[in-house]
Amino acid sequence: MNLTYYLRGHLVNGVADVKNLFPINDLKVNSRFKDIHKGQRIFILGSGHSIKLQDLKLLAGEIVMTQNHFHAHPDTAIFKPTYHVVIPKFHPKEYDKDWMDWLVTMEEKLPADCTYFFGLNTKEMIQQRPRINGNAFYVEPGYNANCLSTAKIDITRLMMRVPTVITQCLTIAIYMGFKEIYLMGFDLDQLCLIANRRDNVRFYGHSPITANKAEADFEKDLASTGIDWFNMYAIWHQLNLLKAAAKKHDIRILNATRGGMLNMFERVVYEEVIGK
């Protein structure tokens, strides 16, 4: 990326600053989550293959946050996620049916009292699913994190753009005030896996929105242009911004993933943590 990219990024962030002067009602309601879990701990579950090596039944009774299609895991009914986070929609409108089909799987697999966080651009679809709609809240990306020196963690305002769902999950968990945030299944090795076979990147294979042509074409374009590599830098940069923000608020982010590449967070052993 060149100077033009960074100039454009700073312009985007300036526009986001102006937009934040006029709060969005759908975001203002997120204030109810401010420090709601102060002093508690949460386990955020990623979709890397390493998650299959860990006994998630031990999470019963813990506060758990899942994301995207994690509800495909067979133990979901046992550990019963408190929160479920879904990336903002980036597919063309002609793929809305895939999203609607995806929402049905969430209704079928996630607890009735699960709280959801969606991108604001999916609100019209969410409103068509009454069971989810009653428990749904929204976030809105706006900032280019590559042109920031501090993380945007106020979910009542525009947040940082989402290069991958872990950054969205961490932003929400930090805002909620958790004392300890444990990450599991965030292998972050997708560049290695996708080069071999795109249906082997996540432990569950595909969801209704990753199996379609739009997603395949998007991944092919990223790989052929080399933007995949820049996106990995963007992920790492944003994660380090979030790490610094967590430290400022006396929050520990701990990596209980079995292996993987997520090395900016202190590593801990899940089986040792869960018994404490």
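The values are calculated or read from the model by the stated rules, or taken from the named source; none is laboratory data. What you see is a predicted model; the values in this text were computed from it and never measured. We place every Cβ from the backbone using ideal geometry, glycine too, and count neighbours over all the protein chains shown.
Taking the listed residues ARG131, ARG161, the one that is of a type outside the set (A, V, I, L, M) and within 20 Å of GLN238 (Cα to Cα) is ARG161, with no other qualifying.
Filtered by the rule that a residue be surrounded by 14 or more Cβ atoms within 10 Å (Cβ to Cβ), of a type in the set (A, V, I, L, M) and over 25 Å from VAL104 (Cα atoms), the range 199-239 gives LEU222, ALA223, MET232, ALA234, ILE235, LEU239. Considering (1) touching a residue at least 40 places away in the same chain (Cβ under 8 Å); (2) within 13 Å of THR167 (Cβ to Cβ); (3) among the hydrophobic types (A, V, I, L, M, F, W, C); (4) surrounded by fewer than 16 Cβ atoms within 10 Å (Cβ to Cβ), the lone condition that LEU242 does not fulfil carries the number (4). Assuming TRP229 fulfils every condition listed in (1) modelled with pLDDT of 85 or more; (2) more than 16 Å from GLY46 (Cβ to Cβ) apart from one, which condition is it? The one condition TRP229 does not meet is (1).
Among the numbered conditions (1) at pLDDT 80 or above; (2) surrounded by fewer than 20 Cβ atoms within 10 Å (Cβ to Cβ), the only one that PHE178 does not meet is (2). Across the range 18-63, the number of residues qualifying as in contact with a Gly (Cβ under 9 Å, 6 or more places away or on another chain), assigned to a helix (DSSP H, G or I) and within 22 Å of ALA145 (Cα to Cα) comes to 1. Of the residues making up the range 102-139, those that are charged (D, E, K, R) and either under 21 Å from PRO208 (Cα atoms) or in contact with a strand residue (DSSP E or B) (Cβ under 7 Å, 6 or more places away or on another chain) (or both) are GLU107, GLU108, LYS109, LYS123, GLU124, ARG129, ARG131.
For the range 79-99, a residue qualifies if it is touching a helix residue (DSSP H, G or I) at 6+ places or on another chain (Cβ under 8 Å), of a type outside the set (Phe, Trp, Tyr) and surrounded by 14 or more Cβ atoms within 10 Å (Cβ to Cβ), and the qualifying residues are PRO81, HIS84, VAL85, VAL86, ILE87, PRO88, LYS89, HIS91, ASP96.
The number of residues in the range 71-91 that are assigned to a strand (DSSP E or B) and touching a residue at least 40 places away in the same chain (Cβ under 8 Å) comes to 2.
A Cβ distance below 6 Å, combined with a sequence gap of six or more or placement on separate chains, defines the contacts here; from the range 187-210, residues that are farther than 22 Å from ARG267 by Cα reach residues that are modelled with pLDDT under 70 in the pairs ASN200/LEU193; VAL201/LEU193; VAL201/ILE194.
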